[in-house]
Amino acid sequence: MGERAAAEPKLHTSTDSSGVTTIEFDAPPANALSGSLQEALANALTEAGSSRSCKTIVLRSAGTRFFCAGADISEFRQLRNSPEMDDRHHERADQLHAALLDCPVPTVCSIQGLALGAGFLLAALSDICIASTRAEFALPELSSGMVGGGLYLARVLPPPAVRYLYFTSRRLSAEDAHRWGFVHVIASPDALEETTRQVAREIASKPRAALAAARLALRNLDASFKEAARAELYLGRWVQRDDEVQQKLAEFEERFTKP
């Protein structure tokens, strides 16, 4: 879930001499994902992955408190009132998810703070997750009457853990995420950037063709998740017709968008 609308988001992409491409998004105050930012991230991932100079991609965000607070709540009312805009929003989300799942080179997600909702999914859809000791993860959709994201969590977490996190909306600490195998490496906040760089460069030391072939082979593991996640998406849109769900959504918007 996102917080209040804020400044225009920024995206910065750079590639170092080892073949590590870093994509950093900056959307203060909480790095919430607007529709335009989702599209920009998807395009940046696709462009980086198609470059022969890129061997691995690091996805990170600016700031310290939030990696990503999820979808941009400031857009919710417009989406509810316009089926066309809602369709476009879901197309952009699907485009971003596909850009991560189908990326021809390995992806590394660096998490410095809270990863909520769609932010949790960015980490879950990456190949490697490196987190600060301050990082926390949650899928709070059900609390506001929305459905979505649970299927992709099953890609990286045991099904019993997914059910618990999905139904309760509780936060998952970096330590517990590491214990369950979702977070691969934990670092102190000060060491996160360097730790991420070391892991990414270790991956990038391999031949690009070998990395691309391995990534393509492993893509078959995600085939079932794609179809199941699309079905969950349609269920989420269907449930929004319910009166109680609409009331919850209205309360949620008011709570986070009022001055």
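The values are calculated or read from the model by the stated rules, or taken from the named source; none is laboratory data. Treat the numbers as computed from the prediction; the structure is a model and nothing was measured. Glycine gets a Cβ as well: all are built from the backbone with ideal geometry, and neighbour counts include every protein chain shown.
Among the residues of the stretch 47-62, the one identified as under 28 Å from S74 (Cα atoms) and either of a type in the set (F, W, Y) or surrounded by fewer than 18 Cβ atoms within 10 Å (Cβ to Cβ) (or both) is A62.
Can you pull out the residues in the stretch 136-149 that are under 28 Å from A187 (Cβ atoms) and in contact with a helix residue (DSSP H, G or I) (Cβ under 8 Å, 6 or more places away or on another chain)?
Going through the stretch 136-149, the residues under 28 Å from A187 (Cβ atoms) turn out to be 136-140, 149.
Answer for the stretch 136-149, where residues must be under 28 Å from A187 (Cβ atoms) and in contact with a helix residue (DSSP H, G or I) (Cβ under 8 Å, 6 or more places away or on another chain): E136, F137, A138, L139, G149.
The residues on offer are H90, H97, and the sole one that is at pLDDT below 85 and within 18 Å of the chain's Cα centre (by Cα) is H90. Scanning the stretch 47-81 for residues that are at pLDDT below 95, among the aliphatic types (A, V, I, L, M) and over 14 Å from A27 (Cα atoms) yields a count of 1.
A single entry from T168, T195 fulfils the requirement of being over 26 Å from A98 (Cα atoms) and touching a residue at least 60 places away in the same chain (Cβ under 8 Å): T195. Contact annotation: residue pairs with Cβ atoms under 7 Å, 6 or more positions apart or on different chains, pairing a residue in the stretch 103-122 that is on the phi > 0 side of the Ramachandran plot with a partner that is buried (at least 24 other Cβ atoms within 10 Å of the Cβ) and of a type in the set (G, A, S), are G117/G70; G117/A71; G117/G149.
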